[in-house]
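Written below as structure tokens is the structure these notes are about.
Values in this text are rule-based calculations from the coordinates and carry no lab data. Predicted model, so just to flag it, every value in this text is computed and none were measured. Here the Cβ positions follow ideal geometry from the backbone for every residue, glycine too, while neighbour counts run over all protein chains shown.
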Amino acid sequence: MPETSQTTSTVVPALPSPSAQAERLIELGVHEIAELSTADLRSFAEAAEAAEAAEAAEASRGGEGALLAVHPDRAPASALAPLLRLDGKPGFVVTDMADVDLFAPLDGAAPPDAPLYLVSGLDRGDRMADWSPDEALPALAAEGRTPLLLTEGIHWVVQLPAVLERNRCFMTIGSRLRKADGALDARTPAIWISNGTGRDGRERRNAPKVGWCWAGNRHTWLGFASATGRWGREV
């Protein structure tokens, strides 16, 4: 197991309230992608804020600062990625990841069976920079943390573009693709900032990028985003 990085983590701004996050998703049309009404989003957000005010909910779910997420079956990564923005440039999925929406939650990282849910205790995982996904996954599990899904990572950057920084980007290894024989595909998804080289094209320099890395490879500029838990309810 590699040593934890000594690089100082940048303080990531706190998330807006669930109601503010709901309004952001409505502004971007995510409710239409997910076939939800604006009332669905707003009522869920209001209920989440009421739960945050309860001491028991805060203790068990992390409450304050939770991310409002749409289930990936309702809003897949291919539909969410173009909603990302950095320097006015839209996000994109790399050309060799046309199967991005087939990357599904690992056991232990599955979202609630509900169209909307909250993700608590988010961490970008800077301290695990230069670890491989194969090394990071069991370490997160040993800490009682769950790796973020790709769609959750996209939701996070949609709400807080500042969470994506050059040289401090992150992997979302809760989402993996299974082959026909049940084995995991060696690709692991990540979100970072394009250099505008190769097939990305110069016009995409500094644009947010959904791509992948090999499960056994290390990258000094990629941490491993994780959370303490997920919870949801029907709308």
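Is there a residue being more than 13 Å from the chain's Cα centre (by Cα) and outside any loop (DSSP other than H, G, I, E, B) anywhere in region 152-160? There is no residue in region 152-160 that is more than 13 Å from the chain's Cα centre (by Cα) and outside any loop (DSSP other than H, G, I, E, B).
The condition (being among the small types (G, A, S), surrounded by fewer than 19 Cβ atoms within 10 Å (Cβ to Cβ), out of contact with any strand residue (DSSP E or B) (no Cβ under 9 Å at 6 or more places or on another chain) and closer than 14 Å to S78 by Cα) is satisfied by just one residue among A98, A162, A104: A98.
Filtering region 71-115 to residues that are within 16 Å of the chain's Cα centre (by Cα), without any contact (Cβ under 8 Å) to a residue 12 or more places away in the chain and assigned to a loop (DSSP other than H, G, I, E, B) leaves D73, A110. In this entry, R168 is excluded by the filter for residues that are within 21 Å of W221 (Cβ to Cβ), of a type outside the set (A, V, I, L, M, F, W, C) and buried (at least 23 other Cβ atoms within 10 Å of the Cβ). Annotation note: Cβ proximity below 8 Å between a residue of region 190-204 that is in contact (Cβ under 8 Å) with a residue 24 or more places away in the chain and part of a helix (DSSP H, G or I) and a residue that is among the hydroxyl-bearing types (S, T, Y) and surrounded by 13 or more Cβ atoms within 10 Å (Cβ to Cβ) (sequence gap 6+ or interchain) occurs for D200/S194; R204/S194.
In contact with a Gly (Cβ under 7 Å, 6 or more places away or on another chain) and closer than 30 Å to A39 by Cα, is that true of S226? When the stated conditions are applied, S226 passes them.
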